[in-house]
1. Going by amide H atoms built from the backbone, whose H comes under 5 Å of the H on residue 30, apart from near neighbours?
2. Grab every C-alpha pair in the chain, bin the distances at 5 angstrom width from 0 up to the longest one, and report whole percents.
3. Semi-axes of the range 140-211's equivalent ellipsoid from the Cα gyration tensor, sqrt of 5 times each eigenvalue, largest first, rounded to whole Å?
4. Tell me, what is the percent relative contact order of the range 140-211, built from C-alpha pairs under 8 Å that lie six or more residues apart?
5. Expressed as a whole number of Å, what is the distance separating the alpha-carbon centroids of the range 1-57 and the range 133-191?
6. Trypsin sites (Lys or Arg not before Pro) within the range 131-168: which are DSSP loop residues with at most 10 other Cβ atoms inside 10 Å?
7. Starting from the alpha-carbon convex hull of the range 1-87, give the projected area averaged over all orientations, in nm².
8. Taking H placed 1.01 Å from N in the peptide plane, check which residues at least 5 places from residue 100 or on another chain put their amide H under 5 Å from its amide H.
Amino acid sequence: MTMKRIVIFTGGNLSAELMEELREDDMIIAADRGALFLIQHGVQPHIAVGDFDSITEAEQTIVRNNSIQFIACDPVHKDLTDTEMAFETALDHEPSHILMLGATGTRMDHTLANVHIMVRAMQHQISCAIQDKHNYMTLTTSRTVVEHRDYTYVSLLPLTHEVTGISLEGFMYPLDHATIRMGQSLGVSNKLLGTTGTITIDSGMLLIIQSKD
């Protein structure tokens, strides 16, 4: 049976406000410190996965005893980040959507790697988003409707060498079959005119970042 949505909590920037994003029917997969965060906020992960090298042995025992399933790996002899391990686990359950929380933080390498993970979700025909207190990120290769979500700005950045045929409806600064190439800032800091806006592209992969200060 296909899951409707899987939420991944990983060990980056997490805040109590993000707990409000959870729905009753979500499957919750927690990576490393993300599992401890959930348990401390009264939520039992369906699956906790990772090397758990960012928490103490006592905290790891708490995670083990308060997760429905616990999957640990050696912190040295592994090829995947904890977040990618959680993502791979999510793919096994064939969700229609993956929401990643705690996937951004002070480690830019991890943040960018997690943005790239969203590309793999699209390759599996699974919609995916990364959300934190200040940002909501998604990808499109065709057409998407952007909801306001209480964010101030909407920025468009190419994840391929170029994105062509970009047309915007419902935005302060409209575009009509525009092309944005890597290194150009044309798509930065747009705004929605109302509650939604539509983005359509002809080719390429476009990163959509909704943000607020």
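Just so it is clear, none of the values below were taken in a lab; they were calculated from the coordinates. The model shown is predicted, which means the values in this text are computed figures rather than measured ones. Cβ coordinates were reconstructed from backbone atoms using ideal geometry, including for glycine residues, and neighbour counts include every protein chain displayed.
1. Here the answer is 9, 47, 48, 49, since their amide H atoms fall under 5 Å of that of residue 30.
2. Spelled out bin by bin, the chain gives 1, 7, 15, 18, 18, 15, 10, 7, 4, 2, 0, 0 percent.
3. Numbers: eigenvalues 67, 29, 21 Å².
Semi-axis lengths for the range 140-211 are 18, 12, 10 Å.
4. Reported as a whole number, the value is 51 percent.
5. Distance between centres, Cα-based: 29 Å.
6. Numbers: sites: 133, 143, 149; in loops: 133, 149.
Qualifying residues, ordered by number: none.
7. Details: hull surface 23.5 nm².
Across all orientations, the range 1-87 yields a mean hull projection of 5.9 nm².
8. 8, 129, 130, 131
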